[in-house]
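Input: a single structure, listed below in structure tokens.
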Amino acid sequence: MNNEKNKKDWSFDPVYSTAKIIFIYLFLGILWIVITDMAAKAIAEDAQELNQIQNYKGWLYVLLTSGVFYWLIYIQMKRFKSALSLSHDTVSKLKEMRKDLLISEERYQLAVEGSKDGIWDWDLKNNEYYFSKNWLDEFGYDEKDIPNDLNEMLNLIHVNDRDQAYKDFRDYIEKKKPEYESIFRIKKKQGGYRYVLARGAAVWNEWGEAVRVAGSHTDITEQIKLQERLKEVAYVDELTGFPNRQGMEKQFTEAADSYERLAFVFIDIDDFKDINEMFGHETGDELLKTFANDLKGFGVDDVIIGRLGGDEFGLLIPLLHNQDDFEELFEKEFRKLTKNRMIESQKIYVSVSAGYAIYPEDGDTFSALFQSADLALHDAKTGRKDHLVRYRDELYEKTKEQVEMSNAMREGIKKGQFSLVYQPQIKLADDTLSGMEALLRWHHPDKGSIPPDVFIPLAEESGFIIDIDRFVIDHACSQKNKWNHKDFKDITLSINISQVSFDRGHIVEMFRKSLKKHNVQGTEIVIEITETAAMEHREKAIRTLKELRKMGIQVAIDDFGTGYASLTNLWDLPIDILKIDQFFTGKIVGDDKTCFFVKILIDSVHALGYKVTAEGIETEEQKSLMVERGADYGQGFHLFRPAPPEKIEKTYIGK
């Protein structure tokens, strides 16, 4: 409103203003002459007086018209002055605006030149393009090289990206999407392409049509290369250069389109964990690379090799011939993988186990085929290792039962289905009680009593055995505390420990906590481990056994004769008791060789300073023969069957 008012204050038309003054002058002059002449004639009495009045009238007219002209000219001059002042202010503002505009343009130019992005501007109505110097320099073009034709512009875009780039732009200017953004490759003048991220915004007319679009091109070539590298890494094992599991799945998808039948072989290096622990991870990695090179020479046509993780490898083999011929050839090649290998001047014996499944009968997807081969591998390693197993449907059923059994065990621990029974250990010289062995029992509400030889191996395999060992140690120590309070003290309590818990180093802490919790002395406890547990990781086993003996706990080697069965391996172990396996006890009657062997064994053990317990005594004759050959202790069904605490107390307390 103020601007409109200012315009009215100083705006004028010179012709109109001049005509206006003349008109006023004429009007006043005529009006003055008519009125004053009439008045003069009425007043004057004679011609001389009339002439004198006319003179006065003239001078008065001059004075009056001078005042009127002064007023009219003053008004116009005032307006003119206002116009000049406003004009001066406007010019000053225009100068300031021009200065700001120049600064803004300089800043914009600096921003464009300093930015790594290329700036572009497209006048859609006139079909004119503008590209910043950065853009031109990046792609090697001059301004004259830039065509003013859409089709020719599209020719600068890689042929594989052209349609999508055009669609992204059309979708934006047709308002199908709110923002313009597109990724495509632009050809450089010198050759080659660069990836750009194009962004832009449009100017719209009153009809909602895009008339101009401006934006930027960001060079993202390096980011795209990095993404491609990451994608490659996602499918390739870095150590061997083989496809990883995701890569093998991708290879399977392609192979399944080309071949009707495929064999998928799942290979695992036996005891690789022990090799890593014994020789170190660097040696382990070198072994894996050497093994990978051996697989490259696998004598089967069109084989695809992958590393699935750790020490696990996969082979994808097209079945082009009779399956029996394939299995015979594969068995032959498989045997070549088991051998000594020289790794960093060390000879390491390596055996492998493998399971394989056939597509599509054993699985019509990679996941299903992988699972079938994995079950076959598991079956191979559960047996004697160094073995090749073909998938069978019963393996799935067996695994399903094992999973159900494993879940049932976990529930059983929580619901109190597990309990301990105790079998007395007798001093054979005088038939007095020397100790008890705690034995685990599982009474399932539906399946009844489940034997330990059924659930213990499964618990060891699943790792749940650690929870079971913790349960046994805690409940056995609790029972020992109860017996101590009932004056049933002068006996030791033997507790069997799994190889899994022993190897993983949990045992020492388990015993330390339970002994403290139940106020039991270490001297009242005997830990029983197998030969295998003591010998698999000998140095580590010796350290663990020494820690247990520092707590006063005695150590017994259980089931001697079923594992390494070598006294030379036992002479430096920190142990106290050796338990002869029931196999020898069962054969001692009527077998002179066994009798002789047992005698030599017991004498040798005594010479090492250990006590001997004969396991599995089931007859009086077996007991007598063990007494004759010098066994210190005995246990078995003939002496006393495993029983719950109540029966043990009823039999021994107070007697």
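The values are calculated or read from the model by the stated rules, or taken from the named source; none is laboratory data. This structure is a prediction, so every number in the text was calculated from the model and none was measured. Note that we place each Cβ from the backbone using ideal geometry, even for glycine, and neighbour counts take in every protein chain shown. All accessible areas refer to the heavy atoms of the entire protein, side chains included, with ligands and DNA or RNA removed. Shrake-Rupley method; radii C 1.70, N 1.55, O 1.52, S 1.80 Å.
With the stretch 460-573 as the region, which helices (runs of 4 or more DSSP H) entirely inside it contain at least 1 residues that are touching a His at 6+ places or on another chain (Cβ under 8 Å) and of a type outside the set (K, R)? I'd like the intermediate steps shown before the answer.
On the way: elements: 465-485, 499-504, 507-517, 531-536, 538-550.
Result: 465-485, 499-504.
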Within the stretch 126-142, take every residue that is surrounded by 19 or more Cβ atoms within 10 Å (Cβ to Cβ) and part of a helix (DSSP H, G or I) and give me the one that is modelled with the lowest pLDDT.
N134
Residues that are closer than 16 Å to I224 by Cα and assigned to a strand (DSSP E or B), drawn from the stretch 188-202
Y193, R194, Y195, V196, L197, A198
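Each row is one residue, and each column tells you yes or no for (1) among the β-branched types (V, I, T); (2) open to solvent by 50 Å² or more (accessible area, probe 1.4 Å); (3) touching a helix residue (DSSP H, G or I) at 6+ places or on another chain (Cβ under 6 Å).
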{"site": "A210", "(1), (2), (3)": "no, no, yes"}
{"site": "T218", "(1), (2), (3)": "yes, no, no"}
{"site": "Q246", "(1), (2), (3)": "no, yes, yes"}
{"site": "D257", "(1), (2), (3)": "no, yes, no"}
{"site": "I269", "(1), (2), (3)": "yes, no, no"}
{"site": "F272", "(1), (2), (3)": "no, no, no"}
Return yes or no: is V236 open to solvent by 30 Å² or more (accessible area, probe 1.4 Å), in contact with a strand residue (DSSP E or B) (Cβ under 9 Å, 6 or more places away or on another chain) and β-branched (V, I, T)?
yes
Quick one: would you say S85 is open to solvent by less than 90 Å² (accessible area, probe 1.4 Å) and either modelled with pLDDT of 75 or more or under 60 Å from the mean Cα position of the chain (by Cα) (or both)?
no
Anything in the stretch 213-270 that is hydroxyl-bearing (S, T, Y) and within 30 Å of F139 (Cα to Cα)? List them, or say none.
S216, T218, T221
Of all the helices (runs of 4 or more DSSP H) wholly in the stretch 207-301, which have at least 3 residues that are without any contact (Cβ under 8 Å) to a residue 12 or more places away in the chain and under 26 Å from the mean Cα position of the chain (by Cα)?
221-235
If we keep only residues of the stretch 15-49 that are among the hydrophobic types (A, V, I, L, M, F, W, C) and in contact with a helix residue (DSSP H, G or I) (Cβ under 6 Å, 6 or more places away or on another chain), then the residue least open to solvent (accessible area, probe 1.4 Å) is A40
Residue check for L316: surrounded by 12 or more Cβ atoms within 10 Å (Cβ to Cβ) and in a loop (DSSP other than H, G, I, E, B):
no
Against the definition (open to solvent by 30 Å² or more (accessible area, probe 1.4 Å) and either assigned to a helix (DSSP H, G or I) or within 20 Å of E531 (Cα to Cα) (or both)), how does T585 come out, yes or no?
no
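Yes/no matrix, rows are residues, columns are (1) of a type in the set (D, E); (2) assigned to a helix (DSSP H, G or I); (3) surrounded by fewer than 16 Cβ atoms within 10 Å (Cβ to Cβ); (4) in contact with a helix residue (DSSP H, G or I) (Cβ under 9 Å, 6 or more places away or on another chain):
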position	(1), (2), (3), (4)
A380	no, yes, no, no
M409	no, yes, no, yes
G416	no, no, yes, no
V454	no, yes, yes, yes
Long-range neighbours under 9 Å by Cβ, at least six apart or interchain, first residue on the phi < 0 side of the Ramachandran plot within the stretch 525-550, second among the hydrophobic types (A, V, I, L, M, F, W, C) and open to solvent by 40 Å² or more (accessible area, probe 1.4 Å)
I525/M551; E531/A565; H537/M278
Based on this model, can you work out whether E331 counts as within 21 Å of K381 (Cβ to Cβ), open to solvent by 10 Å² or more (accessible area, probe 1.4 Å) and charged (D, E, K, R)?
yes
Any hit, the stretch 623-632, residues being among the small types (G, A, S), at negative phi and without any contact (Cβ under 8 Å) to a residue 60 or more places away in the chain
yes
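Do we find that L608 is aliphatic (A, V, I, L, M), exposed (fewer than 15 other Cβ atoms within 10 Å of the Cβ) and out of contact with any strand residue (DSSP E or B) (no Cβ under 7 Å at 6 or more places or on another chain) in this structure?
So L608 passes the test.
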When residues of the stretch 586-598 are limited to those that are touching a residue at least 12 places away in the same chain (Cβ under 8 Å) and more than 22 Å from V555 (Cα to Cα), the one nearest to the chain's Cα centre (by Cα)
G586
Assess whether F252 counts as being closer than 30 Å to A541 by Cβ and not β-branched (V, I, T).
no
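Kindly provide the set of residues from the stretch 638-655 that are open to solvent by less than 90 Å² (accessible area, probe 1.4 Å) and closer than 13 Å to F488 by Cβ, ordered by number.
Answer for the stretch 638-655, where residues must be open to solvent by less than 90 Å² (accessible area, probe 1.4 Å) and closer than 13 Å to F488 by Cβ: P645, I648, E649, T651, Y652, I653, G654.
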